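Below: one structure, written as structure tokens.
FYI, it's all coordinate maths here, none of it is from the lab. Being a predicted model, the structure only gives us computed values, none of them experimental. Here the Cβ is made from the backbone with ideal geometry for all residues, glycine too, and neighbour counts use every protein chain on show.
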């Protein structure tokens, strides 16, 4: 972390090499966070690129004493997605392939081998509350710890654990419902 | 086995965290919390499925494209703005910066930096000096000439980096982005309708350079003509400095000459740069990831040089008409 602190410090002072290194170390996590939110890998690639361009433009305003750098990046990504989703709101909801695997209580062995894809998770996550969706996105796609999610969302760790639990319960319910609807 | 009064969300997170970090297995967790096992198991399996589903990687091409876009942004925007106080720099401030640069580093350092290559400690000085020279250019023709010289240097630098082998993709992308930024700016100068080609002697960037095309990618041999002119002011520069006493017709002829010289140079670069970049694209020493940036360079070279030539020709026609009307 000390290394990252140093990189961020240098990037804030205009060191392009340092910012490039931050790009390398954070790109994948931001990408996954965006995919799970919008459910489209191609658009997520473009959006992730834009997140870093925007971060570079405003790195001068980043205060190290405040939120961690990754939290700041996730915030930029979040704001960018709010704009994106607002523009895409008229688009019909994506329906998933009926033959895709779904959760089942009756066959634990089969469940253990369950393979979901990120698009399915993204669709199922739309049924969650905003806070639950954010926790799932940051925790799983963003790879943050509970403590980091708590800092990013400005909530207590206890609150994040409760949200994580309720989000997984809700996701499970949604994925199970897919067995009856033929879709997620 | 552990009897627990912990809330389920806390137990769930403890198990999940242990499983995600590979410290415990699902079975160990269920064994540890038998009272909650029935409730925990499906939730943990769901969480693991979600975790597996999101473990995707962006395509290397996307990451490379993003890296390139970022480098381009960096080249266009310069250093990120830290404070509005430093956001605006009047012309006199640029001049002061130049003097400070020379005094701080020493004129020798600035000259030595001129031949430095990417990765060298002096390379940032070279780029900073170029930026200052562009800012101090007194006419569009002069600015375009400096930008053309800088772009030619970038091609030579990439050729140098590739020739040395063990190519650093990021570094190459950074130079490529700077090339595109400079070629874009150059081709945007002298657009139709620009009637203000006020050529002055200035830093002598336009002198004695016109017939030198970009040579083969040998940076050592490529002494950027415009910048060489800065070090050794040529006769034409001195003439330009004394142009206040030159008759208007002579000044107009000098403008035409300078535009013509620039055009010849741009034509030469427009031919040599795509050829050199294509050669680099076929060089096995260039990593696949870096080729996206080179392809963008090639596309830019093919599109922007003809545009720049067209603009210069329009400018020539326009000044011819004006003179004809006088």
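Put simply, when B:138-144, B:55-61, A:144-150 are sorted by average Cβ atoms within 10 angstrom per residue, most first, you get B:138-144, A:144-150, B:55-61.
Zone of residue A:117 (label point 7 Å along Cα→Cβ, backbone N under 12 Å): which residues in region A:36-57? Taking a point 7 Å out along Cα→Cβ of residue A:117, the residues of region A:36-57 whose backbone N falls under 12 Å are A:40-42. Here the residues A:5, B:273, A:78, ranked from fewest to most Cβ neighbours within 10 Å of their Cβ, fall in the order A:5, A:78, B:273.
Counting only other chains, what is the mean number of Cβ atoms within 10 angstrom of the Cβ of each residue in peptide B:38-51? Display every interim value, and only then the final one.
Details: counts 0, 1, 0, 4, 9, 5, 1, 7, 14, 9, 4, 13, 16, 6.
Neighbouring Cβ atoms belonging to other protein chains average 6 per residue here.
At an R0 of 35 angstrom, the distance between the Cβ atoms of residue A:86 and residue A:3 translates into a FRET efficiency of 0.40.
For a protection proxy built on the mean count of beta-carbon atoms within 10 angstrom, sort A:163-176, B:174-187 highest first, please. Please list the in-between numbers first.
Working: A:163-176: 20.9, B:174-187: 24.1.
Per-residue Cβ counts within 10 Å, averaged per peptide and sorted highest first, yield B:174-187, A:163-176.
Taking each residue in B:56-66, count the Cβ atoms of any other chain within 10 Å of its Cβ, then average. What number comes out? Working shown, then result.
Working: counts 11, 4, 12, 4, 0, 1, 9, 8, 0, 3, 12.
Whole-number average of other-chain Cβ neighbours for B:56-66 is 6.
Taken residue by residue and averaged, Cβ atoms of other chains lying within 10 Å of the Cβ of A:138-150 number 3. Taking the Cα centroid of region B:280-304 and of region A:16-84, what is the distance between the two, rounded to the nearest whole Å? Cα centroid to Cα centroid, the span is 27 Å.
Note on region B:109-162: Rg/Rh from Cα positions, Kirkwood definition for Rh, rounded to two decimals, is 1.00. At q = 0.11, 0.12, 0.26 Å⁻¹, what log₁₀ I(q)/I(0) does region A:2-88 have when each alpha carbon counts as one equal point scatterer in the Debye sum? Those come out to -0.29, -0.34, -1.32, one per q.
For region B:8-54, a/c is not less than 1.5, where a ≥ b ≥ c are the root eigenvalues of the C-alpha gyration tensor, and a/b tops b/c. That puts it in the prolate class.
Extension gain residue B:135-residue B:35, at 0.36 nm per residue separation less the Cα-Cα distance, in nm?
Working: separation 100, 0.36 × 100 = 36.00 nm, distance 7.36 nm.
Extending this stretch completely gives an extra 28.6 nm.
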